[in-house]
Structures are given as structure tokens and as C-alpha cells.
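Down below is the structure, laid out as C-alpha cells.
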Amino acid sequence: MERIRQINPGLEIFVAAQPENSICADCPAKNPRWASVSLGIIICTGCAGVHRKLGTHISFVQSCTFDRWKPEWIQKFSKMGNKVAKIYYEHGITEVILFVSQICS
Ligand SMILES: [Zn+2]
């Protein structure tokens, strides 16, 4: 968290606000430090690579600790985060599908 505070002090508050942000939005990896700015989620290094392959029109990936975020990116993230994103993007998806998607990634 210290590195996020140094590079993106405004972002650190919102990352710390949700315990769900300490786990990758797409897999069980702990302490993720990448984000899909466009989706408003925190993801691990491995999942960041997958998101990058989707293209920036779907998932715009930035590091929380190496890239300096624009204020509008932080503003957007403040309204989402992993907790809200899971409710929004995974609404109606059954536990079986979620489990399969995690073990196949
Ligand atoms: Zn991950």
C-alpha cells in the first residue's frame, strides 16, 4: 500500500476502502497491484496480462504502483472497486460458472 500512496496518493484511499481489493478481481491472488481502469477493478500481474490481450477498448490496464493515474481515472475507480464490480459484472452468474472460470484461468 505504501508504494500506491507514493505514486498515486488519491488512489490509495479507495483501494484500502474495500477489503475485496486485496484479492484479485479475477482469481484468488492476494495483494494485486494492477488495475483495469476502464472496469474499475484491481487485478494481479497474471490477470493484467490477460486483460491487456483483450485490448484497451475493453480493459485499459495500468499499474497502481508504477503508473501515475490521471485524476479522472481515480474518480472512476472510486465508484467501483472489486466489491461493486463483482456485484455488477457477475450478477446472475451461478457459483459453478464462477468456479470453472477461476480454475480454467
Ligand atoms: Zn488474478
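Read-outs throughout are calculated quantities, based only on the coordinates presented, and are distinct from any laboratory measurement. The shown structure was predicted, so the numbers you read here are calculated from the model rather than taken from an experiment. For neighbour counting, all protein chains shown are included, and Cβ atoms are generated from backbone atoms with ideal geometry for every residue, glycine included.
Electrostatic bookkeeping for Ser63 treats Lys and Arg as +1 and Asp and Glu as -1; over the other residues with beta carbon under 15 Å from its beta carbon, the sum is +3.
Within region 32-60, name every residue whose backbone N is under 13 Å away from a label modeled 7 Å from Cα of Ser78 along the Cβ vector. Of the residues in region 32-60, none has backbone N under 13 Å from the label point off Ser78. Within the chain, the longest run free of exposed loop sites, counting trypsin sites (Lys or Arg not before Pro) that sit outside DSSP helix and strand states (H, G, I, E, B) and have at most 10 other Cβ atoms within 10 Å, spans 1-67.
Projected label points at His57 and Glu2, each 7 Å from Cα along the beta carbon direction, are separated by 4.3 nanometres.
Can you give the local net charge around Ala85? Use residues other than it whose beta-carbon is closer than 11 angstrom to its beta-carbon, Lys and Arg +1, Asp and Glu -1.
Residues near Ala85 contribute 0 overall.
With contacts taken as Cα pairs under 8 Å at a separation of at least 6 residues, region 2-104 carries a relative contact order of 29 percent. Rounded if a/c is under 1.5, else prolate if a/b beats b/c, else oblate: with a ≥ b ≥ c from the C-alpha gyration tensor eigenvalues square-rooted, which is the chain? It comes out prolate by the Cα gyration axes.
Along the axis of the charge dipole computed for the chain (Cβ charges of +1 for Lys and Arg, -1 for Asp and Glu, origin at the Cα centre), the listed residues Ile87, Ile23, Gln6 are led at the positive end by Gln6.
Available extension along the chain between Arg68 and Cys27 is 12.3 nm, counting 0.36 nm per residue and deducting the alpha carbon span. Here is the list for region 40-85: chymotrypsin sites (Phe, Trp or Tyr not before Pro) lying in DSSP coil, each with at most 16 other C-beta atoms within 10 angstrom of its C-beta, are Phe60, Phe66. Taking the chain as the region of interest, the number of lysine pairs whose Cα atoms are within less than 23 Å, with members eight or more places apart or on different chains, is 11.
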